[in-house]
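Quick notes on the structure that follows.
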Amino acid sequence: MASRTAVRVGPKDIRTFTTPAEKPGAPPKPVDKILAAGIAPGGAVLVSDEEREAILRYDGKGEYQGTFPGGRDAARRKVTRILLDGEGGIVTLDRDEKTVRVWDDGGKLLRSVGPTGLKRPVDVAVDPFRNLYVADEEAGVLVFNPQGQLVTTIASPELRKARALTLDATGAVLVYDDRAERVLRYR
């Protein structure tokens, strides 16, 4: 769970993060505008920092390792969700670019969805078959197969402004609707 200034890992482990000093002798710079966080398959903590517009990578002991992904893919991004799929892929949602990307632990891009078809994406979930469910404030819930093709759209008169979604143990899609102020369930 991520808050603005810290990440909670487990029931009692609350971690804060810093990046190295910009000038010799200066103190490390705190990461205090956290948008999202996740634990990578190898144990690294990935922290999306709004101020730096980057995903920062830390080892299990909290030592700064650089940005994720590195190299050519180290573009400035405003990632608002980070989660793992069932096969260890790291799923990121960039709301500004309107794109969902799936990376391996080393930062290699495996697949991406968007921006075509996504208007105002706000949340993402993945089922055991690696299908991506994207909650979009304007379009409802869009479901993409692992190849990135749109399979179906979940929309109904009562679903007016999707804000968050998850999949329950039975496979039902639970969507929080901001206007209705309630959770809607779709099978």
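The values are calculated or read from the model by the stated rules, or taken from the named source; none is laboratory data. Keep in mind that what you see is a predicted model, and the values were worked out from it rather than measured. Glycine gets a Cβ as well: all are built from the backbone with ideal geometry, and neighbour counts include every protein chain shown.
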Looking at this structure, is G42 assigned to a loop (DSSP other than H, G, I, E, B) and either within 25 Å of L142 (Cβ to Cβ) or in contact with a Phe, Trp or Tyr (Cβ under 9 Å, 6 or more places away or on another chain) (or both)? no
Out of the strands (runs of 3 or more DSSP E) lying entirely within segment 73-137, which hold 3 or more residues that are assigned by TED's automatic domain parsing to the domain that holds T152 and within 10 Å of the chain's Cα centre (by Cα)? 121-126
Hey, can you tell me all the residues within segment 67-90 that are farther than 22 Å from A135 by Cα and surrounded by 15 or more Cβ atoms within 10 Å (Cβ to Cβ)? T67, F68, P69
Just to be sure, is R15 closer than 25 Å to V126 by Cβ, outside the structural domain of Y133 (by TED's automatic domain parsing) and within 18 Å of the chain's Cα centre (by Cα)? no
Any residue in segment 52-66 that's without any contact (Cβ under 8 Å) to a residue 24 or more places away in the chain: show its pairings with residues that are among the polar types (S, T, N, Q) at Cβ separation under 8 Å, as long as the two are six or more apart or on different chains. A54/S48; A54/T67; R57/Q65; R57/T67; D59/Q65
L167 touching a residue at least 12 places away in the same chain (Cβ under 8 Å) and not assigned by TED's automatic domain parsing to the domain that holds I39: yes
